[in-house]
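The values are calculated or read from the model by the stated rules, or taken from the named source; none is laboratory data. The model shown is predicted, which means the values in this text are computed figures rather than measured ones. Note that we place each Cβ from the backbone using ideal geometry, even for glycine, and neighbour counts take in every protein chain shown.
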Amino acid sequence: MAIGEFGGAPAAPDSGGILLSAPLYWFYEMSHAALEPSRAWADATRLLFRNPVNPLSYTTYGRTIAAAAELFERSTRRYGRPEWRISSTLVGGERVPVVPKVVWQRPFCRVLYFERVFAHKPQRPQPRLLIVAPMSGHYPTLLRGTVEAFLPNHDVYVTDWVDAKLVPLSDGPFDLDDYIDYVIAMLHELGGDINVIAVCQPSVPVLAAVALMEADDDPYAPISMVLMGGPIDTRVNPTAVNDLVQERGIAWFRRHVITKVPFPNPGFMRDVYPGFLQLHGFMSMNLERHIEAHKQLFLHLVRGDGDSAAKHKEFYDEYLAVMDLAAEFYLQTVETVFVRHALPDGEMTHRGRRVDPRCIRQTALLTIEGEHDDISGVGQTEAAHLLCSNIPADRQAHWLQPGVGHYGVFNGSRFHAEIAPRIADFVLSMAQASRANRAKRRTNGNSLQPA
């Protein structure tokens, strides 16, 4: 089960009623090791039948053998953590170098700042954005396109979550309460005057963090928060995966999908929801589409259509790279968000303290949904406006993007052309209004001082 294909809602693999226990991860590692000689042989075969010295490489037969060998190798490979591959951006028509820097770090997460190295600072305001990536199986690099869309006109920070199997058991557990603590700590570290964007799964913990900060009159509460395709209230227009969780309940997930990290990983013996199970859940949700995509890759390779094959590889190199989730976070999220609906029911707590979205008064709210989202149904994210009833009407907005599914909410051509500009306009207008209000309060305060 994955918390959505990209972080929105749970989708569980069919275990056929078989109990998945601690040895499962060991069996997975053993099977991967057992296939290593076959992968090496397939790779050698691919190189042989693609070698320009080999006359068969110019024939349909040779290209077919090479394509089959490559498809086998890619289908059995373990995909590592992708790189961000963001080295520059365009600002005002000028190509500007970008240098990623770690500005905050905890065992399960670090915050990257994509610093733009200007020769001359731009005249246009550059609002600061903290993009909270989903901790839902895929690596945060899935948001590469999201980051690239905002870099030309914003200072961009992004959460870079750590694979749970790499976190030693001595660093302690990580659950939904810790996630909320992390978000608050990040906002404190970044020092206020910032806008936060929650992509999919983080919508609930980000909303909770902002509610807690506003309840405490925290000066570092963000200027605005943007919730994109998030499961605020999964009872609204429930999807098939929402129904599945209600049917099976939290006990099923605890028994069937939690296992222990095997040796020699740094997180040896940590309870996790493993990445390979997540990948199974991802693939099974749209199995026919993935089979057809790999069939097309085979045909592209046989025909020598390098551009089409490269696009397929680029997508699946990212899509097939998955990370383990800490079991505590996974189970608490499933129970709180998808089983109990604790946030919309007013029963969500953070370390024993009730989370009340009505405490949010200053932070502006924008929600984004996709018309064809089959992970977080239409209306599930918009429900945040009903919960945040004390945000002034002129500081709230909602946008339903026609013609896109879950992935299109935060990536792709329509995101770049229609969604990103709306977010940028909202963030900029809220930042300007916030500065104007602060200046007005300072002026009023000074006028009350004795002459």
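Tabulated data for the structure shown
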quantity: Selection status of Pro140, without any contact (Cβ under 8 Å) to a residue 24 or more places away in the chain and in contact with a Ser or Thr (Cβ under 9 Å, 6 or more places away or on another chain); calculated: yes
quantity: Lone unmet requirement of (1) surrounded by fewer than 21 Cβ atoms within 10 Å (Cβ to Cβ); (2) under 23 Å from Asp178 (Cβ atoms); (3) outside the structural domain of Asp193 (by TED's automatic domain parsing) for Arg248; calculated: (2)
quantity: Among the residues listed as Arg110, Arg124, the single one being modelled with pLDDT under 90, of a type in the set (Lys, Arg) and either assigned by TED's automatic domain parsing to the domain that holds Leu428 or outside any strand (DSSP E or B) (or both); calculated: Arg124
quantity: Yes/no for Asp193 being part of a loop (DSSP other than H, G, I, E, B), more than 22 Å from His350 (Cβ to Cβ) and in the same structural domain as His154 (by TED's automatic domain parsing); calculated: yes
quantity: Val257 vs. criteria in contact (Cβ under 8 Å) with a residue 40 or more places away in the chain and outside the structural domain of Ile419 (by TED's automatic domain parsing); calculated: yes
quantity: Residue match in the range 324-331 (condition: farther than 26 Å from Asp216 by Cα, touching a strand residue (DSSP E or B) at 6+ places or on another chain (Cβ under 7 Å) and part of a loop (DSSP other than H, G, I, E, B)); calculated: yes
quantity: Only listed residue being farther than 26 Å from Gly370 by Cα and not β-branched (Val, Ile, Thr), chosen from Met186, Met225; calculated: Met186
quantity: Leading residue by the ranking (surrounded by the most Cβ atoms within 10 Å (Cβ to Cβ)) among those in the range 40-79 that are part of a loop (DSSP other than H, G, I, E, B) and among the β-branched types (Val, Ile, Thr); calculated: Thr59
quantity: Selection status of Asp324, touching a residue at least 12 places away in the same chain (Cβ under 8 Å), surrounded by 24 or more Cβ atoms within 10 Å (Cβ to Cβ) and either within 30 Å of Ala66 (Cβ to Cβ) or in contact with a Phe, Trp or Tyr (Cβ under 8 Å, 6 or more places away or on another chain) (or both); calculated: yes
quantity: Close pairs from the range 155-174: first in a helix (DSSP H, G or I), partner surrounded by fewer than 21 Cβ atoms within 10 Å (Cβ to Cβ), Cβ under 6 Å, at least 6 apart; calculated: Lys165/Asn265; Leu166/Pro266; Leu169/Met269; Asp171/Pro107
quantity: Subset of the range 263-305 (residues that are part of a helix (DSSP H, G or I) and among the charged types (D, E, K, R)); calculated: Glu288, Arg289, Glu292, Lys295, Arg303
quantity: The one condition in (1) touching a helix residue (DSSP H, G or I) at 6+ places or on another chain (Cβ under 7 Å); (2) closer than 23 Å to Gly172 by Cβ that Leu320 fails to fulfil; calculated: (2)
quantity: Pairs where the first residue, in the range 197-220, is buried (at least 24 other Cβ atoms within 10 Å of the Cβ) and the second is hydroxyl-bearing (Ser, Thr, Tyr) and part of a helix (DSSP H, G or I), C-beta under 6 Å, 6+ apart; calculated: Pro205/Tyr179
quantity: Lone unmet requirement of (1) under 24 Å from Asp193 (Cβ atoms); (2) modelled with pLDDT of 95 or more; (3) among the basic types (Lys, Arg) for Arg441; calculated: (2)
quantity: Any hit, the range 180-190, residues being of a type in the set (A, V, I, L, M), in a strand (DSSP E or B), over 16 Å from Asp271 (Cβ atoms) and modelled with pLDDT of 95 or more; calculated: no
quantity: Selection within the range 221-233 - touching a strand residue (DSSP E or B) at 6+ places or on another chain (Cβ under 9 Å) and either in a loop (DSSP other than H, G, I, E, B) or among the β-branched types (Val, Ile, Thr) (or both); calculated: Pro222, Ile223, Val226, Gly229, Gly230, Pro231, Ile232
quantity: All positions within the range 80-93 that are of a type outside the set (A, V, I, L, M, F, W, C) and surrounded by 13 or more Cβ atoms within 10 Å (Cβ to Cβ); calculated: Arg81, Pro82, Ser88, Thr89
quantity: Gly172 being under 25 Å from Leu365 (Cβ atoms) and surrounded by fewer than 20 Cβ atoms within 10 Å (Cβ to Cβ); calculated: no
quantity: Candidates Ala293, Ala342, Ala310, Ala321 - the one that is among the hydrophobic types (A, V, I, L, M, F, W, C), closer than 25 Å to Trp161 by Cβ and out of contact with any Pro (no Cβ under 6 Å at 6 or more places or on another chain); calculated: Ala342
quantity: Residues that are within 15 Å of His138 (Cα to Cα) and in contact with a Gly (Cβ under 9 Å, 6 or more places away or on another chain), drawn from the range 253-276; calculated: Tyr273, Gly275
